[in-house]
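Q: Take this structure first; my questions come after.
The values are calculated or read from the model by the stated rules, or taken from the named source; none is laboratory data. If you're wondering where the values come from, they're calculated on a predicted model, not measured in any experiment. Note that we place each Cβ from the backbone using ideal geometry, even for glycine, and neighbour counts take in every protein chain shown.
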Amino acid sequence: MSAASQNSVGIVQPQVFRHEMPFSLHRGKSLPNFELVYETYGTLNTQASNAVLICHALSGHHHAAGYHHADDSKPGWWDACIGPGKPINTDKFFVVSLNNLGGCHGSTGPGSIDEETGLAYGAEFPRIVVKDWVASQALLADHLGIHKFAAIVGGSLGGMQALQWTIDFPERVHAAVIIAAAAKLSAQNIAFNEIARQAILSDPDQGLGLARMIGHVTYLSDDGMREKFGRELRSGDPNQGADVEFQVESYLHHQAKSFSQTFDADTYVLMTKALDYFDPATEAAAALEEVLANTTSRFLVMSFTSDWRFSQDRSQEIIDALIAARKNVASAVIESEHGHDSFLLPIDRYIAVFSTYLDRLHDQICQ
């Protein structure tokens, strides 16, 4: 562990939940069984009232905090927000973080063996939608003895899952924290996802890296990229016009290479389609406020000023619908130059709002 491990949950061990019964999927197909890889941080209290579920975004997984061994140099992907004294305070909450169904970090997905064929599912893995993730997460909660979560928390695609939880299992959610998310994707977002998918389908060897480069640029902001990279060179001389590489190019190539080594192309296609299809209002043939009418949880909705992939306007649509449905909703717009990736970072006001909300929630329902 590095020196950055202060206030860390420490070394954690992934666990596996196996659901032995057939699992029906929302689009009509089913799985004979499934496994979910997950981690937990903190201690579940005797009333099982202090549990928090972490829903991950497109490229996320179960390892949200802490380290897997003493030599780890990099903690889990949301270590900035999960741990002792952090917004999701493991001195107070029992935190559950999982790798979604269809993922490529141990949970049943395209890389798993299809029992009917004896071969990996690959692109033939059944289509997954957000409702399927929520249903499988509810089964994991049952396994852990958690009837009702103190909070379900997620950024981006994770925020969509938190919103779907409040619709599908209203009696099992005290609070939903929805960060940099949307009630449905914009046409521009769908377009970026389709370009990424076409890159993968056009070139199985290089396409996933290119998809990551496309996605990563959209997660940043112009100001943030200018501050981080400017027009700095890594090598070459533009005046000579040969062998020139800008720092931003080098960064994107590194991102593409590392992502291609750890992620599965079929999972990327599956998850971007789940993003595209998410639209609880249209699915119910009703206005969003009508869909949210039966929710019983309270809500915190946060967005970031420089996030153009999931802009403030998309969060405001959720807020407006919750207000119209007369729900308990708090909201905050956080100043940041870091674009969509802001939700992963320890920005002072973001941390303050996040911490205050969850601390008050704990004091109200977990005592």
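Q: If you take the residues in segment 318-340 that are in contact with a Lys or Arg (Cβ under 9 Å, 6 or more places away or on another chain) and loosely packed, with under 14 Cβ neighbours inside 10 Å, which one is nearest to Tyr219 (Cα to Cα)?
A: My answer is Glu335.
Conditions tested, residue by residue: (1) modelled with pLDDT under 95; (2) acidic (Asp, Glu); (3) in a loop (DSSP other than H, G, I, E, B); (4) under 17 Å from Gly154 (Cβ atoms).
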| residue | (1), (2), (3), (4) |
| --- | --- |
| Gln13 | no, no, yes, no |
| Arg27 | yes, no, yes, no |
| Glu35 | no, yes, no, no |
| His61 | no, no, yes, yes |
| His69 | yes, no, yes, no |
| Lys74 | yes, no, yes, no |
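Q: Something else now. Among the residues of segment 174-192, is any more than 29 Å from Tyr219 (Cα to Cα) and of a type outside the set (S, T, N, Q)?
A: Checked against the condition, which is being more than 29 Å from Tyr219 (Cα to Cα) and of a type outside the set (S, T, N, Q), segment 174-192 yields at least one hit.
Q: Right, another one. So which residues in segment 297-327 are part of a loop (DSSP other than H, G, I, E, B) and out of contact with any Ser or Thr (no Cβ under 8 Å at 6 or more places or on another chain), if there are any at all?
A: Arg326
Q: Go through segment 171-251 and tell me which helices (runs of 4 or more DSSP H), entirely inside it, have 3 or more residues that are modelled with pLDDT of 90 or more, of a type in the set (Gly, Ala, Ser) and buried (at least 18 other Cβ atoms within 10 Å of the Cβ).
A: By residue number, 207-219.
Q: Does any residue of segment 258-276 turn out to be modelled with pLDDT under 90, not in a helix (DSSP H, G or I) and not assigned by TED's automatic domain parsing to the domain that holds Gly111?
A: No; the residues of segment 258-276 include none that is modelled with pLDDT under 90, not in a helix (DSSP H, G or I) and not assigned by TED's automatic domain parsing to the domain that holds Gly111.
Q: Taking Ser49 and the conditions (1) over 28 Å from Ala196 (Cα atoms); (2) out of contact with any helix residue (DSSP H, G or I) (no Cβ under 7 Å at 6 or more places or on another chain); (3) part of a loop (DSSP other than H, G, I, E, B); (4) at pLDDT 95 or above, which numbered condition does it fall short on, given that it satisfies the others?
A: Looking at each condition in turn, Ser49 falls short on (2).
Q: A further question follows. If you go through segment 204-221 one residue at a time, do you hit one that is among the aromatic types (Phe, Trp, Tyr) and under 30 Å from Ala286 (Cβ atoms)?
A: Looking through segment 204-221, none of the residues is among the aromatic types (Phe, Trp, Tyr) and under 30 Å from Ala286 (Cβ atoms).
Q: Moving on. Which pairs do you get when a residue that is in the same structural domain as Ile214 (by TED's automatic domain parsing) and closer than 18 Å to Arg212 by Cβ, found in segment 243-255, comes within reach of a residue that is aliphatic (A, V, I, L, M) and modelled with pLDDT of 80 or more, reach meaning Cβ atoms under 7 angstrom, with the pair 6+ apart or on two chains?
A: Leu252/Met213; Gln255/Met213
Q: Right, something else. Of the numbered conditions (1) outside any helix (DSSP H, G or I); (2) surrounded by 16 or more Cβ atoms within 10 Å (Cβ to Cβ), Gly118 fails exactly one; give the number of that condition.
A: Condition not satisfied by Gly118: (2).
Q: Please go through segment 341-367 and pick out each residue that is aliphatic (A, V, I, L, M), under 18 Å from the mean Cα position of the chain (by Cα) and surrounded by fewer than 19 Cβ atoms within 10 Å (Cβ to Cβ).
A: Across segment 341-367, the qualifying residues are Leu345, Ile351.
Q: Do we find that Arg298 is buried (at least 19 other Cβ atoms within 10 Å of the Cβ), out of contact with any Pro (no Cβ under 7 Å at 6 or more places or on another chain) and under 19 Å from Trp165 (Cα atoms) in this structure?
A: For Arg298, the condition - buried (at least 19 other Cβ atoms within 10 Å of the Cβ), out of contact with any Pro (no Cβ under 7 Å at 6 or more places or on another chain) and under 19 Å from Trp165 (Cα atoms) - is met.
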